[in-house]
Every structure is written in structure tokens, then in C-alpha cells.
Amino acid sequence: MRVAVLGAGYAGLVLAQRLERRLPAAVDIVVVDESPTHLVQHEVHRVIRRPSVADAITLPLDDALDRAEIVTERVEHVDAEAGLAELADGTELDYDFGAVCLGSETNFYDLPGVEEHGLPLKRVRHAEAIRTRFLDVCEAGGTVVVGGAGLSGVQTAGELAALAGERDATDRVDVVLLEQFDSVAPNFPENFQQAVHDELEARGVEIRTDTPVQRADADSIELAAGAQPYDLFVWTGGIRGADAMGGERPVVRNDLRLTESTFVVGDAARAVDADGEAVPASASAAIREAGAAARNMAELVTHELDGDGADFAPRLKPYRFEVPGWIVSVGDGAVAQVGPTVVTGAAAKAMKTTVGAGYLSSVKAVEKAAELVEEELDA
Ligand SMILES: Cc1cc2nc3c(=O)[nH]c(=O)nc-3n(C[C@H](O)[C@H](O)[C@H](O)COP(=O)(O)OP(=O)(O)OC[C@H]3O[C@@H](n4cnc5c(N)ncnc54)[C@H](O)[C@@H]3O)c2cc1C
């Protein structure tokens, strides 16, 4: 029997590690990712200011997995009904049970000029490209516009403002954060939004809410209120599904399955949990979904191996979305929401470091965890 995990980000790596522990040795586990390394994506904005963080947040899959076969190849298409993945080298990988964990792509919403001129931020190379261009802006002076004030946009604007400060360029560099909704970090609780807003403002970020981007050309962005000139444009305005899933983020059942044998986990799906709540695309959710998917997948595999037949299906556990809170960094500051309480300052910063390092330790990357703590303490 073969179990395939497509994508080894938070969802895929955590799922694959749990399957290695739960599934009998006779079951083959195949993990496919286009990259040989796992990326701790929720820290990738740090690389804009601290290129050395890249090393602490990339983890060779070989080190993280024990017995799974690792295939470094791009997944071109998934046929979830047939249980088949087509890979870029022409291989067809069929599986008895599979999980699509391919994450998401940046969504440019077909806004004219935005994909052409806006730099995305998902991978280390994106952060490095933003840094290179931003250092030029710091030299010459100018405006950097970040489009979209979700988790990634807020943290990117914070890093850019902090980097301008480190380059003594605060007087000649404007960091402008645009958001189409009426608050930064839309979808999050109001006290969290307010604290994030205050942290950004304290670092000199100009926040423009209720300001959807309409189009962009080489040096300005069209807004309802007129043109916003820019020297660097970073686009963190939203996500869409993986190309291998036709660009869609399909809605999965609350047991995280799309079909009888294919799960979709993490950003790749739109999950609605056991209470009917929409699960936000986030690292926190992807990790927790992976735990639930591993339990359910193991249940199905055991059922099949035991030859229990088709007369009754195993009862799978619905996924319930529960996170203790949210933490974002804003330059050298941070905002943490724990239950109803919002914390900022040194306590929030310590929490942020602990969460990143704790995650790395949980995926067996203890040295990387230590490296990340060191990088954060240096910041
Ligand atoms: C700058 C930034 C800051 C963020 N901050 C936070 C935060 O503070 N808190 C939080 O909870 N979330 C945060 N997020 C969101 C979080 O990173 C994502 O929600 C999370 O990465 C989703 O996990 P995933 O496993 O679904 O996908 P990913 O982590 O994106 O993993 C997808 C994997 O699939 C692989 N892959 C993709 N396509 C293919 C293909 N066609 N073939 C083969 N392999 C493929 C990729 O290489 C990758 O390894 C942030 C995101 C960004 C960009």
C-alpha cells in the first residue's frame, strides 16, 4: 500500500512525520516537494532584514524524515478522484491514500499590472529580491508600498520600516501599507487589530485602510483616491489555490477529505471545522489540521489493511479549529493575542521567538531552533 503526501510545508511535513510513527512499516510513504528543504514560511519576512535567518528557517527534508521516500519534483496535476499525481518529470504517482499539502500561491486577482510590478513574498528568494530592491530605495530615497495588510503584509511593512531605520534612511524612505478593508489584520479580533495598527504607526508605517488597489504600472498604483507613486511595490494581497489544483482551494469535509482517499490539508484547502467555522489560512491551522489528518488517514489505512471490507466505513474524527492565539512581529516589536488578551513589547517578542523555535523543535530541528533564537536575540 502506498500513502502519498504532496507538499512538505507545515501541513505536509507534520503529516508525514506523524504517518511515519503511526503507519505499519509495510506501508510505503512517499513525500513529494519541488524543494528539497522545508521552509518555516511564517518567518520568511525576517530574511528581508536579516538574510542569515534564511539558514535557520530552511530544513533539509532528509534530516526531518526517517523512512518516507522523498521525491524532489514539482506536482503538475492531482486527480483526487483517481488517487493520482502527475509530476513534472512525467511520472504518474498513484496512491491508495494521499494528502494534498501544496500550500497556496499569491493571488493577484487579475488586477492589471499588479502581477507584473508587485513582488510577492512566499519563498526565501522573494525576500532576498525585496531586500535588494529596498536597499536601493534606502540609498536613493523613495516610497515602498506594501499591498495587503494580512499577516504577511503587516510583518513585511514592519521589517521594511525597521531596515530603513538601520540604514539611517527613515527620513528619506516612506513605507506605505494599503488595505482594502477597514483595518489592518482584517479577520482578527479588534483589540489585536488596534495593537498591530499602533505598533506599525509607532515605527513610521503609513497605513491606508479602505484603499483597494485597482491597477499598477511601472511607477504608480491606481487607487480610488488617485495615484500612489512607488519605487518598490510588494504584493501580499491574498492567496489562491495551487496550480496543480487548478488554482482552486477546494472546500473539504470536516474530516479534511476531498474524496474517499484524498485529503487536502493546510492553505491548499478551505476547511470548515466541526463547528462550521471557516479555518483561516495560517501556519497554526496547517499544523493542527495535519495532526487531525494523520489520525484519520491512519484509521483508513488500518481499516483497509485489516480487510474490514466495504460494508462499513471507519468513523473519522471531525477537525475542530482551536488555536491558543496569534502572534505577529512588527519590526523589533511584536503583538500577541492570547485568548481575549493582547500583549505587546518584550513579552510578545519572547512569545514569537518561542513559537518559531518550538515549531522547529517539534519537527526535530533542534539545532535550527537554537539558530533561530540566536538570530532573534540579535535582532
Ligand atoms: C511573510 C509571511 C508571514 C506569515 N506569518 C504567519 C504568522 O505569523 N502566523 C501564521 O500562522 N501564518 C503565517 N503565515 C502563513 C503561513 O506561512 C501559511 O499559512 C502556511 O505556510 C501554510 O502551510 P502549508 O503547509 O499549507 O503550505 P506551505 O507552508 O506553503 O507549504 C507548501 C509546500 O508545498 C510545496 N509545493 C508547492 N507547490 C508545489 C508543487 N506544485 N509541487 C511540489 N511541491 C510544491 C512547497 O515547496 C512547500 O514546501 C505567513 C505567511 C507569509 C508569506
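Name the single residue, out of those in region 89-110 being touching a residue at least 40 places away in the same chain (Cβ under 8 Å) and more than 26 Å from Thr236 (Cα to Cα), that is most open to solvent (accessible area, probe 1.4 Å). Filtering first and then ranking leaves Asp94. Screening Leu258 against (1) touching a Pro at 6+ places or on another chain (Cβ under 7 Å); (2) farther than 16 Å from Val5 by Cα; (3) open to solvent by 50 Å² or more (accessible area, probe 1.4 Å) leaves a single unmet condition, (2).
Within region 134-155, if we keep just the residues that are touching a Ser or Thr at 6+ places or on another chain (Cβ under 6 Å) and part of a helix (DSSP H, G or I), the residue that is farthest from Thr58 (Cα to Cα) turns out to be Gly153. Quick check, is Val145 within 23 Å of the chain's Cα centre (by Cα) and either crowded, with 16+ Cβ neighbours inside 10 Å or closer than 14 Å to Phe233 by Cα (or both)? Answer is yes for this residue. Among the numbered conditions (1) within 10 Å of the ligand (Cβ to nearest atom); (2) open to solvent by 20 Å² or more (accessible area, probe 1.4 Å); (3) touching an Asp or Glu at 6+ places or on another chain (Cβ under 9 Å); (4) modelled with pLDDT of 95 or more, the only one that Arg240 does not meet is (1). Within region 32-57, restricting attention to residues that are of a type outside the set (Gly, Ala, Ser) and more than 10 Å from the ligand (Cβ to nearest atom), the residue that is most open to solvent (accessible area, probe 1.4 Å) is Asp55. The number of residues in region 289-341 that are more than 21 Å from Val44 (Cβ to Cβ), surrounded by 13 or more Cβ atoms within 10 Å (Cβ to Cβ) and β-branched (Val, Ile, Thr) comes to 3. Exactly one residue among Ala293, Ala271 is in contact with a helix residue (DSSP H, G or I) (Cβ under 7 Å, 6 or more places away or on another chain) and at pLDDT below 95, and that residue is Ala271.
The residue that is least open to solvent (accessible area, probe 1.4 Å), among those in region 112-133 that are under 18 Å from Ile221 (Cα atoms) and out of contact with any strand residue (DSSP E or B) (no Cβ under 6 Å at 6 or more places or on another chain), is Glu115. Taking region 275-324 as the range and being assigned to a helix (DSSP H, G or I), polar (S, T, N, Q) and within 12 Å of the ligand (Cβ to nearest atom) as the test, only Ser284 passes.
The values are calculated or read from the model by the stated rules, or taken from the named source; none is laboratory data. This structure is a prediction, so every number in the text was calculated from the model and none was measured. Heads up, the Cβs are rebuilt from the backbone with ideal geometry, glycines too, and the neighbour counts pull from every protein chain shown. For the accessible areas, the whole protein counts, side chains as well, though only heavy atoms, and no ligand, DNA or RNA atoms are used. Shrake-Rupley method; radii C 1.70, N 1.55, O 1.52, S 1.80 Å.
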